[in-house]
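Colleague: Got a structure here, written out as structure tokens. Questions coming.
The values are calculated or read from the model by the stated rules, or taken from the named source; none is laboratory data. Just so it is clear, the structure is predicted and the values come from calculations on it, not from any experiment. Positions of Cβ are backbone-derived with ideal geometry, glycine not excepted, and every protein chain shown enters the neighbour counts.
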Amino acid sequence: MIQKVKKYLILFGYVILIGWSVASIRHIVLKKTPIMSFKLDGQMQYTSQNKIDSRLEPFLKKNLYLTSLSKIRTAVEDLPYVKNVIVKRLPPHTIYLKIIEHEPIALYVAEEDKTYPISEEGEIIPDNALLDLPLILTKESIPQTPKLILYLKSYPFVQEKISGAEWVGNRRWNIHFDTCEVHLSENLGESLNRLNLLIKDKNKICSGVLDLRDSKRVFLTQ
């Protein structure tokens with residue numbers, strides 16, 4: 001009986017010793033692994049280094065292993081142009097971040113003449129910016145904008161001359177040039193192709209209102 005008790009005491013002692021050793025090693029390791037730097041990756045055209053640094057600064061010198069990566073990701077993703085962030089630990093002292101930005105494709109003209117970029121997903125980017133992009137004139141046009149821009153990429157001669165556009169009657173587009181307004185049909189691709197041919201044929205943008213809603217005829221009002 002006494003021998004069994006001794007064995008249990010010895011075993012219990014080993015367990016305590018191992019547990020203490022693990023805890024001590026863990027404490028030493030964690031104490032010596034503060035975050036000292038951030039390694040940034042990705043093409044950042046619209047987000048400045050200073051803005052990123054300001055979001056990451058609160059995490060400096062915090063423990064590399066105990067700091068939540070999701071909190072770091074959220075802090076950076078809250079910046080207007082940041083679409084997604086991949087965050088990884090790079091021992092012993094570095095956090096790696098790959099930053100993916102939204103691509104502005106147009107500008108929404110809001111009240112008080114403020115302009116907000118529209119992303120490739122058809123969402124407003126909350127940044128009052130002035131970029132050299134087509135102007136979207138109504139809020140209802142925003143969800144349809146990615147499709148319009150996608151079609152316009154096939155007609156660069158038309159795209160580079162557009163100043164604005166609006167989604168009309170929940171079915172078609174009016175697009176604006178400096179000297180002309182064009183009423184496109186519900187068949188966006190077909191009417192853009194006709195417009196492209198007309199512009200190239202005359203080598204200039206029309207003057208007045210050009211109506212392309214009838215697939216067989218063209219109406220021009222000056």
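Colleague: Tally up the residues in the stretch 169-192 that are under 20 Å from residue 143 (Cα atoms) and assigned to a strand (DSSP E or B), please.
Modeller: Within the stretch 169-192, residues that are under 20 Å from residue 143 (Cα atoms) and assigned to a strand (DSSP E or B) number 6.
Colleague: So which residues in the stretch 122-138 are surrounded by 13 or more Cβ atoms within 10 Å (Cβ to Cβ) and charged (D, E, K, R)?
Modeller: 123, 127
Colleague: Kindly evaluate residue 162 against the criterion of being in a loop (DSSP other than H, G, I, E, B), among the aliphatic types (A, V, I, L, M) and either modelled with pLDDT of 95 or more or under 21 Å from residue 187 (Cβ atoms) (or both).
Modeller: On the way: in a loop (DSSP other than H, G, I, E, B): yes; among the aliphatic types (A, V, I, L, M): yes; either modelled with pLDDT of 95 or more or under 21 Å from residue 187 (Cβ atoms) (or both): yes.
So residue 162 fits the description; yes.
Colleague: Being under 30 Å from residue 183 (Cα atoms), modelled with pLDDT of 95 or more and hydrophobic (A, V, I, L, M, F, W, C) narrows it down to one residue among 135, 148; which is it?
Modeller: Numbers: 135 fails: modelled with pLDDT of 95 or more.
Only one candidate qualifies: 148.
Colleague: Check whether at least one residue in the stretch 76-92 is acidic (Asp, Glu), surrounded by 13 or more Cβ atoms within 10 Å (Cβ to Cβ) and either in contact with a helix residue (DSSP H, G or I) (Cβ under 6 Å, 6 or more places away or on another chain) or in contact (Cβ under 8 Å) with a residue 24 or more places away in the chain (or both), and report yes or no. Step through it out loud before you land on a result.
Modeller: Taking the stretch 76-92 first, the residues acidic (Asp, Glu) are 77-78.
Now narrow it down to the ones that are surrounded by 13 or more Cβ atoms within 10 Å (Cβ to Cβ): 77.
Next, from what is left, pick out any that are either in contact with a helix residue (DSSP H, G or I) (Cβ under 6 Å, 6 or more places away or on another chain) or in contact (Cβ under 8 Å) with a residue 24 or more places away in the chain (or both): none.
Taking every residue of the stretch 76-92 in turn, none turns out to be acidic (Asp, Glu), surrounded by 13 or more Cβ atoms within 10 Å (Cβ to Cβ) and either in contact with a helix residue (DSSP H, G or I) (Cβ under 6 Å, 6 or more places away or on another chain) or in contact (Cβ under 8 Å) with a residue 24 or more places away in the chain (or both).
Colleague: Can you tell me which residues in the stretch 98-135 are farther than 22 Å from residue 156 by Cβ and part of a strand (DSSP E or B)?
Modeller: Scanning the stretch 98-135 gives 98, 99, 100, 101, 108, 109, 115, 116, 124.
Colleague: For residue 156, state whether it is surrounded by fewer than 16 Cβ atoms within 10 Å (Cβ to Cβ) and closer than 30 Å to residue 114 by Cα.
Modeller: For residue 156, the condition - surrounded by fewer than 16 Cβ atoms within 10 Å (Cβ to Cβ) and closer than 30 Å to residue 114 by Cα - is met.
Colleague: Give just the number: which of (1) part of a strand (DSSP E or B); (2) farther than 24 Å from residue 117 by Cβ does residue 206 not satisfy?
Modeller: Of (1) part of a strand (DSSP E or B); (2) farther than 24 Å from residue 117 by Cβ, only one is false for residue 206: (1).
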